[in-house]
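Engineer: Here it is: the structure, laid out below.
FYI, it's all coordinate maths here, none of it is from the lab. Quantities reported herein were computed from a predicted structural model and do not represent experimental measurements. A quick note on method: Cβ atoms are made from the backbone with ideal geometry, for glycine too, and the neighbour counts reach across all protein chains shown.
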Amino acid sequence: MTKKIRKAVFPVGGLGTRFLPATKAMPKEMLPVVDKPLIHYAMEEARAAGVEHFIFVTSRGKGALEDHFDRHFELEETLSRRGKTAELEALLGWQPAMGEVSYVRQPEALGLGHAVLCAKHLVGDEPFAVILPDDLVLAEKPCLAQMVDAHAGVGGNLVAVMDVPREHTQRYGVLTPGKAEGALTEVKGLVEKPKPEVAPSTLSVIGRYILESAIFGHLETQERGAGGEIQLTDAMAKMIGEVPFHGFTFDGTRFDCGDKVGFLQANVAFALARPDIGPKLAPFLAETAAKL
Ligand code: G1P
């Protein structure tokens with residue numbers, strides 16, 4: 001029996017330099033896709049997968065994230081007074097309840113592995129999820145829920161993977177794949193941001209992980225890797241052979257919302273998928289495309 005995934009860690013300490021000037025005074029995780037900030041999609045995806053405790057690893061200037069998940073009594077009162085019942089119910093429906101959210105600061109920008117390590121005392125000794133809010137997945141069944149189902153069968157570490165063009169391997173953690181069965185590929189090796197000519201494959205990790213808590217022990221002693229940062233990939237690589245370890249090829253389309261083009265594509269795709277917005281937007285997109 002695998003343990004239930006009750007906790008998710010959201011590393012949200014990054015500066016968002018790829019998205020300046022929008023992210024100078026606003027956390028990049030607050031960028032909206034249609035009408036919801038990226039972090040909101042991440043939280044909803046975790047909740048849909050059964051997660052009960054949301055752990056945000058923040059840094060300086062990320063106060064808007066805390067405000068987003070906090071009660072806003074003046075807003076609630078105003079919606080109520082104006083008879084905006086549907087809006088009020090929607091708000092009260094998604095706002096986390098007392099004790100469901102924790103924040104911890106990452107004191108220095110030492111990388112993704114270091115960010116995850118900052119959540120050690122909040123996760124404790126149980127398997128947990130990590131979601132990188134920049135990676136947005138449009139899917140019928142949310143990506144993390146697909147992974148939780150697969151994890152119940154295999155346990156251990158599970159990372160979401162997709163094939164990328166070989167010239168892009170330097171942006172990702174890349175697998176040395178072993179045996180593949182259905183959506184699961186055994187992980188034989190893992191390397192962070194390899195050059196295309198030395199990448200062991202094109203099967204690359206995207207920002208969804210289910211990890212054994214033993215990862216923290218490895219992160220504590222992890223030396224700096226690619227980019228001079230403490231890499232989650234390097235600590236995960238040390239667990240190969242210690243626990244079952246699989247890549248999971250998810251159903252859905254992933255958008256890199258840390259990138260301007262990826263972010264715009266996400267906005268178009270998510271808007272088109274919305275019954276209240278898609279039909280109004282589609283004719284404009286078709287007209288615009290016809291002029292290209
Ligand atoms: C991080 C991880 C990398 C992973 C990627 C997915 O890189 O280090 O292994 O493939 O997220 O988006 P970053 O995008 O933070 O450079």
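Engineer: For the chain, take N as its residue count and report Rg(C-alpha) divided by 2.2 N^0.38 Å.
Structural biologist: Normalised by 2.2 N^0.38 Å, the Cα Rg of the chain equals 1.02.
Engineer: May I ask you to evaluate 6.51 cos²θ - 1.76 cosθ + 1.60, the Karplus curve with θ = phi - 60°, for each residue of region 250-266 and list the ³J(HN,Hα) values in order in whole Hz, giving x for glycine and proline?
Structural biologist: So the J values, rounded to whole Hz, are 7, 8, x, 10, 9, 10, 8, 7, x, 10, 4, 5, x, 5, 5, 4, 4.
Engineer: Kindly state, as a whole number, the per residue volume in cubic angstrom of the convex hull around the alpha carbon atoms of region 30-73. Walk me through the numbers on the way to the answer.
Structural biologist: Details: hull volume 4.0 nm³, N = 44.
For region 30-73, the hull spanned by Cα atoms encloses 91 Å³ per residue.
Engineer: Moving on. What are the ³J(HN,Hα) values, in whole Hz, obtained from phi via the Karplus relation 6.51 cos²θ - 1.76 cosθ + 1.60 with θ = phi - 60°, for each residue of region 223-229 in sequence order, with x given for Gly and Pro?
Structural biologist: 7, 5, x, 3, x, x, 10
Engineer: Order the peptides 181-187, 123-129, 96-102, 66-72 from the highest to the lowest mean number of other Cβ atoms within 10 Å of their residues.
Structural biologist: 123-129, 181-187, 66-72, 96-102
Engineer: Could I get the Rg over Rh figure for region 1-141? Both from C-alpha atoms, Rh via Kirkwood, rounded to two places. Before the final figure, lay out the partial values.
Structural biologist: Working: Rg = 15.9 Å, Rh = 16.2 Å.
A ratio of 0.98.
Engineer: For the residue pair residue 259 and residue 73, what label-to-label distance in nm results when each label sits 7 Å from Cα along the Cα-to-beta-carbon direction?
Structural biologist: Here the modelled spin labels are 4.6 nm apart.
Engineer: On C-alpha positions alone, give me the angle between the axis of helix 143-154 and the longest principal axis of the chain, in degrees, nearest 10.
Structural biologist: 30 degrees
Engineer: Counting Lys +1, Arg +1, Asp -1, Glu -1, what net charge surrounds residue 20 among other residues with beta carbon under 11 Å of its beta carbon?
Structural biologist: So the surrounding residues net to +4.
Engineer: What nm value, rounded to one decimal, do you get for the distance between residue 282 and residue 60 when each label is placed 7 Å out toward the C-beta?
Structural biologist: 4.8 nm
Engineer: Under the Karplus relation 6.51 cos²θ - 1.76 cosθ + 1.60, θ = phi - 60°, what is the ordered set of whole-Hz ³J(HN,Hα) values for region 279-292, x standing for Gly and Pro?
Structural biologist: Whole-Hz 3J(HN,Hα) from phi for region 279-292: x, 7, 8, 4, x, 4, 5, 5, 4, 5, 5, 5, 7, 5.
Engineer: Could you compute the FRET efficiency for residue 139 and residue 110, with r as their C-beta to C-beta distance and R0 at 22 Å, rounded to 0.05?
Structural biologist: 0.10
Engineer: Kindly work out what percent of the DSSP beta bridges joining two residues of region 1-105 are antiparallel, to the nearest 5.
Structural biologist: Here the antiparallel bridges make up roughly 15 percent for region 1-105.
Engineer: Given the -39500 (n - 2.57) contribution per DSSP H run of 4+ residues, what per-residue ellipticity at 222 nm results for the chain, rounded to the nearest 500 deg cm²/dmol?
Structural biologist: Working: 11 runs with 96 residues, N = 292.
Taken over the chain, the calculation gives -9000 deg cm²/dmol.
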